[in-house]
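Working notes for the structure below.
The values are calculated or read from the model by the stated rules, or taken from the named source; none is laboratory data. For clarity, every value in this text was computed on a predicted model and none was experimentally measured. Glycine also receives a Cβ, built like all others from the backbone with ideal geometry; neighbour counts cover every protein chain displayed. These accessible areas exclude ligands, DNA and RNA; they are computed on the full protein's heavy atoms, side chains included. Shrake-Rupley method; radii C 1.70, N 1.55, O 1.52, S 1.80 Å.
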Amino acid sequence: MTIYLRQLPVIALLFALTACAAPVLEQPTGRRDFTLLVAGDIGECTEDGPFLTGKLLDHLDGIILVAGDIAYENGSDADFHGCFDRAWGRHKGRIFPVPGNHEYASAQAAPYYQYFGKRAAGPNGYYSFDVAGWHIVALNSNIDTASGSEEERWLRNDLQKTPSPCILAFMHHSYRSSGWHGRTEALTPLVQDLYRYGASIVITGHDHHYERFAPLDPEGHRDADHGLTFFVVGTGGAELHSTMFRSSGSESVESNFWGVLGLHLRDNDYDWEFIPAQPTDFSDAGSSECSTRASPRIDSSIKLEGQKVRERAR
């Protein structure tokens with residue numbers, strides 16, 4: 001599923017994306033406008049987090065990318081309607097999701113695909129669309145991502161076809177992270193494709209903290225011209241986790257506050273800002289140009305960086 005919407009302004013876009021879009025929210029004082037708002041690891045209603053981030057979104061314009069683990073504990077109908085829908089459901093009309101491992105705790109993530117309908121692009125769960133001159137790629141990190149897999153072939157074909165100079169990908173499992181889960185090695189073929197075809201940003205959740213990395217190649221070396229800027233935004237509302245180590249290339253990390261990542265997208269560059277849902281002195285904001293396409297030669301013998309300190313499906 002590819003949606004071409006590049007010529008539409010953001011407000012018009014929100015109505016074009018769905019026939020049953022949510023009504024336009026009133027404009028409160030101090031409202032900030034963003035092209036994209038991103039978070040994962042949300043609907044755990046034993047925490048205050050999903051309600052705080054849901055209220056934060058009431059005051060922010062933009063399309064919402066949800067990076068998986070949307071409805072705890074098992075991605076069931078009851079989890080979606082009893083928790084996530086109460087906290088974030090009013091924003092459903094502007095959400096583009098990918099599933100997390102908690103969604104797949106229910107058989108084939110069926111309640112996830114039912115809740116989001118066509119927007120979830122079932123049964124495979126990966127898709128792309130264009131907005132603000134950017135190509136946005138939604139990937140399913142819960143299925144086969146090996147080189148030559150259906151999803152990897154689809155990704156290569158999709159990236160080859162896009163004329164957009166700026167590309168953003170989002171998925172659930174992390175590839176760069178200082179958190180409990182660290183790097184998911186199985187994602188290496190997808191990351192290599194994103195690097196080769198000039199993606200600028202890769203956003204994940206899975207680890208429950210916020211983190212931003214310097215532009216890196218798939219092996220973790222700094223690459224200012226071609227590198228991928230990885231963001232971990234597992235701060236949507238689930239229980240927060242402290243980081244276990246400081247991964248190479250990490251430039252900013254925070255594990256004490258829920259919030260969302262806001263992105264202003266322009267033709268050849270972008271601004272980012274972590275927007276907390278609670279009072280805090282922490283801030284991370286800046287600007288960057290889009291990456292350029294890398295050399296087609298990529299070392300395929302990428303080794304797992306360090307050891308997974310702890311594996312926990314939360």
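Tell me yes or no: at least one residue of the range 226-240 is open to solvent by 10 Å² or more (accessible area, probe 1.4 Å) and over 26 Å from Pro189 (Cα atoms). Among the residues of the range 226-240, at least one is open to solvent by 10 Å² or more (accessible area, probe 1.4 Å) and over 26 Å from Pro189 (Cα atoms), which makes the answer yes. State yes or no: is Ala87 free of Cβ contacts under 8 Å to residues at least 24 places away in the same chain and more than 18 Å from the chain's Cα centre (by Cα)? No; evaluated as a whole, the condition is false for this residue. Taking the range 93-115 as the range and being aromatic (Phe, Trp, Tyr), under 27 Å from Val131 (Cβ atoms) and open to solvent by 20 Å² or more (accessible area, probe 1.4 Å) as the test, only Tyr113 passes. Tell me yes or no: at least one residue of the range 254-275 is polar (S, T, N, Q), open to solvent by less than 40 Å² (accessible area, probe 1.4 Å) and in contact with a Phe, Trp or Tyr (Cβ under 7 Å, 6 or more places away or on another chain). No, the range 254-275 contains no residue that is polar (S, T, N, Q), open to solvent by less than 40 Å² (accessible area, probe 1.4 Å) and in contact with a Phe, Trp or Tyr (Cβ under 7 Å, 6 or more places away or on another chain).
Restrict the check to the range 20-32 and report whether at least one residue is at pLDDT 95 or above, open to solvent by 40 Å² or more (accessible area, probe 1.4 Å) and at negative phi. So far as the range 20-32 goes, no, none of its residues is at pLDDT 95 or above, open to solvent by 40 Å² or more (accessible area, probe 1.4 Å) and at negative phi. Per the listing Gly54, Gly43, Gly62, the residue uniquely in contact with a Phe, Trp or Tyr (Cβ under 6 Å, 6 or more places away or on another chain), over 21 Å from Gly100 (Cα atoms), at pLDDT 50 or above and open to solvent by less than 10 Å² (accessible area, probe 1.4 Å) is Gly62. Among the residues of the range 113-151, those identified as more than 18 Å from the chain's Cα centre (by Cα) and of a type in the set (Asp, Glu) are Asp144, Glu150. The condition of being of a type outside the set (D, E, K, R), touching a His at 6+ places or on another chain (Cβ under 7 Å) and under 15 Å from Gly40 (Cα atoms) does not hold for Gly89.
Residues in the range 120-159 that are touching a residue at least 40 places away in the same chain (Cβ under 8 Å), open to solvent by 10 Å² or more (accessible area, probe 1.4 Å), within 20 Å of Arg176 (Cα to Cα) and of a type in the set (A, V, I, L, M, F, W, C): Ala146 only. Going through (1) open to solvent by less than 10 Å² (accessible area, probe 1.4 Å); (2) touching a His at 6+ places or on another chain (Cβ under 8 Å) one by one, Pro218 falls short only on (2). Asn256 meets all of the listed conditions (1) over 16 Å from Glu211 (Cα atoms); (2) free of Cβ contacts under 8 Å to residues at least 40 places away in the same chain; (3) not small (Gly, Ala, Ser) but one, namely (1). Quick test for you: out of Ser287, Ser283, pick the one residue that is modelled with pLDDT of 90 or more and in a strand (DSSP E or B). Among Ser287, Ser283, only Ser287 is modelled with pLDDT of 90 or more and in a strand (DSSP E or B).
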